[in-house]
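The values are calculated or read from the model by the stated rules, or taken from the named source; none is laboratory data. None of the values given here were measured: they were computed from a predicted structure. Here the Cβ positions follow ideal geometry from the backbone for every residue, glycine too, while neighbour counts run over all protein chains shown. Note: areas computed on protein heavy atoms with side chains; ligands, DNA, RNA excluded. Shrake-Rupley method; radii C 1.70, N 1.55, O 1.52, S 1.80 Å.
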Amino acid sequence: MICLRYNLCTISFRHELVSFQELLRYALDTGFNGIELWGVHAKALLRQRGKELGGMLDEMFSYGLEINMLSDYIPLMGNIPMDVLLKEWQETVQAAKAFHTDKLRIFAGSLSSQSLDEKDWELCTERLNILCAVAEREGVYTVVETHPGTAADGLDSTLQLLRQTGHPALKLNLDFLHIWESGADPLAAYERLKPWMVNIHLKNVESRQWLEVFSPNNIYSPSGSRRGIVPLADGEMDCQTIMKRLILDPTRAPVSLEWFGAIPFQILKSELGWLKGLESDLKPEKVEVTG
């Protein structure tokens, strides 16, 4: 059985005083396979440590770690001129290249699918098509995430976005919690969306009543509420059943662990241990051959 690849999201440490080198050492010591680098962190590193970056990455690669994906945001919709959007996008694509990753995650706008009219859908998919073409020339996939308040906020809307855009370099980051939040069956959505999937996000919540804790205005704020954020095994979404499906699927995408609560060092180590324990439990039993 091929083991799943697990990535550490640096966004989990957005309010921690910790260096990139410390996170790399932690990821290595804990047993992660790679890093999902938050765009804020990537751009800060390029500004502050640009001359040293090559050596830092070479050391990381020598230990078998990789930058799996750069996760950023782009003003896809609205009144921003296309030339301004393209300039920002090109800079973001170059940031992804600087960290040797071929996956650049964004959100599909900042409006829910239900609020989009036909012209909005055309604008969204046309712009995505242009962004995909620009990134593809640099060997980078454009990855949209299933997320509330965007055009990819449910199974049907995500399929519409992917198919209507129709660019081969447009890929998907499936956030299981958010697709579950939409009312879709997570595993049914997984099967439908799998052809586009290049990454998976995992997190959980105590119950549906606390899902608003993950709204951007709250979760990015140092003083925001963390009520309802719980480990994977303790939430209302059935992560164990999801993981059993992923573990037994040899063609699954890598998994990034997102933790937005307190004490991320302790919690993420525990989460990774729980996930690897599930893998171990599902391995075929060894059969002794006797002569």
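Below is a table of values for the structure above.
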| item | result |
| --- | --- |
| Neighbour-limited loop hits for chymotrypsin sites (Phe, Trp or Tyr not before Pro), region 8-113 (at most 15 other Cβ within 10 Å; DSSP other than H, G, I, E, B) | Tyr63, Tyr73 |
| Computed accessible area, Glu181, all protein chains, 1.4 angstrom probe, square angstrom | 50 |
| Accessible area per residue in Å² at 1.4 Å probe, computed on the chain | 47 |
| Share of carbon and sulfur in the accessible heavy-atom surface of the chain [1.4 Å probe, %] | 51 |
| Under 11 Å, Cβ to Cβ, from Tyr141 - net charge with Lys/Arg +1 and Asp/Glu -1 | 0 |
| Residue-count net charge about Val93 - beta-carbon cut-off 13 Å; Lys, Arg +1, Asp, Glu -1 | 0 |
| Highest-fluctuation residue, His100, His167, His15 considered, GNM on the chain with Cα pairs under 10 Å | His15 |
| Cα Rg, Dmax, region 1-89, angstrom units | 15.4, 49 |
| Positive dipole terminus of region 2-113, leading residue within Ser71, His100, Gly34 (C-beta point charges) | Ser71 |
| GNM top mover of Asp29, Asp156, Asp175 - the chain, alpha-carbon springs below 10 Å | Asp29 |
| The chain - charge dipole about Cα centre, Lys and Arg +1 at Cβ, Asp and Glu -1, debye rounded to 20 | 460 |
| Whole-angstrom Cα spans of region 203-273 along principal axes, big to small | 41, 26, 19 |
| Semi-axis lengths, Å, the chain, gyration tensor of Cα atoms, sqrt of 5 times eigenvalues | 29, 24, 20 |
| Helix-only [θ]222 nm of the chain, DSSP H runs n ≥ 4, -39500 (n - 2.57) each, per residue, nearest 500 | -14000 deg cm²/dmol |
